[in-house]
Amino acid sequence: MFPIRFSKIKTTRPLRTIEREMEEARAMYQNYLDTTSDNYMAQRGDVKIKDPHTMVGNAYKEIRNYIDAISRVAKKENKAITFEDGRALTRDDEFVSPVMEEKLGKKVLITVVDKNTGDVKRKLVDGYSKAEIPLMKKISNALGELFTGKKQVNIDKDLEI
């Protein structure tokens with residue numbers, strides 16, 4: 001009914017062996033390990049939130065809720081913004097005291113990089129949730145100060161706080 005044709009098999013490449021497949025799988029896995037990091041990071045445009053699982057209280061959730069608005073402001077100002085746990089300042093220091101680490105653990109580090117000049121500005125904001133001033137108001141004040149260099153400037157209107 002259907003004709004079956006037998007053709008010669010071309011063996012231009014070597015046969016795949018289990019050892020060769022294991023070597024290729026190990027190489028792909030090693031490439032994966034080399035190209036990825038274990039730092040979980042939320043990102044939207046030029047705004048990054050690094051290590052949210054170590055941030056104080058519910059700071060990550062509050063910042064995440066405003067990440068789109070912060071990203072719009074960062075794009076308008078031509079800046080890159082990074083939010084981190086305050087302990088990122090002492091991460092590579094093995095001689096930091098536990099008291100200092102505890103104090104920094106209650107803060108959120110805001111890093112603003114100017115894309116035009118490459119200038120880096122940092123500010124620590126108290127992330128403790130039972131403070132009288134809400135965290136997003138503090139972040140708005142800090143970002144306004146970091147953008148303009150002037151005290152008591154905020155971006156509440158842009159963040160719709």
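In the set (1) among the polar types (S, T, N, Q); (2) open to solvent by 80 Å² or more (accessible area, probe 1.4 Å); (3) more than 21 Å from A74 (Cα to Cα), the condition left unmet by N116 is number (3).
Residue pairs whose Cβ atoms lie under 7 Å apart, separated by 6 or more positions or on different chains, with the first residue in region 56-68 and on the phi > 0 side of the Ramachandran plot and the second surrounded by fewer than 16 Cβ atoms within 10 Å (Cβ to Cβ), are G57/Y128; G57/S129. When residues in region 125-139 are screened for being out of contact with any Phe, Trp or Tyr (no Cβ under 9 Å at 6 or more places or on another chain) and assigned to a helix (DSSP H, G or I), 2 of them pass. Within region 108-124, being assigned to a strand (DSSP E or B) and without any contact (Cβ under 8 Å) to a residue 40 or more places away in the chain holds for L109, I110, T111, V112, V113, D114, V120, K121, R122, K123, L124. Being open to solvent by less than 20 Å² (accessible area, probe 1.4 Å) and under 18 Å from D114 (Cβ atoms) is the filter here, so list the residues in region 140-154 that pass it. Listed by number, the residues that qualify are A142, L143, G144, L146. Scanning region 128-161 for residues that are in contact with a Leu (Cβ under 6 Å, 6 or more places away or on another chain) and not polar (S, T, N, Q) yields a single hit, I155. Within region 46-100, the set of residues being open to solvent by less than 30 Å² (accessible area, probe 1.4 Å) and of a type outside the set (A, V, I, L, M, F, W, C) comprises D51, P52, S71, K79, T82, E84, D85, G86, T90.
The set of residues from region 53-107 being in a helix (DSSP H, G or I) and small (G, A, S) comprises A59, A69, S71, A74, G86, A88, G105.
The values are calculated or read from the model by the stated rules, or taken from the named source; none is laboratory data. Just so it is clear, the structure is predicted and the values come from calculations on it, not from any experiment. Cβ coordinates were reconstructed from backbone atoms using ideal geometry, including for glycine residues, and neighbour counts include every protein chain displayed. For accessibility, only protein heavy atoms count, side chains too; no ligands or nucleic acids. Shrake-Rupley method; radii C 1.70, N 1.55, O 1.52, S 1.80 Å.
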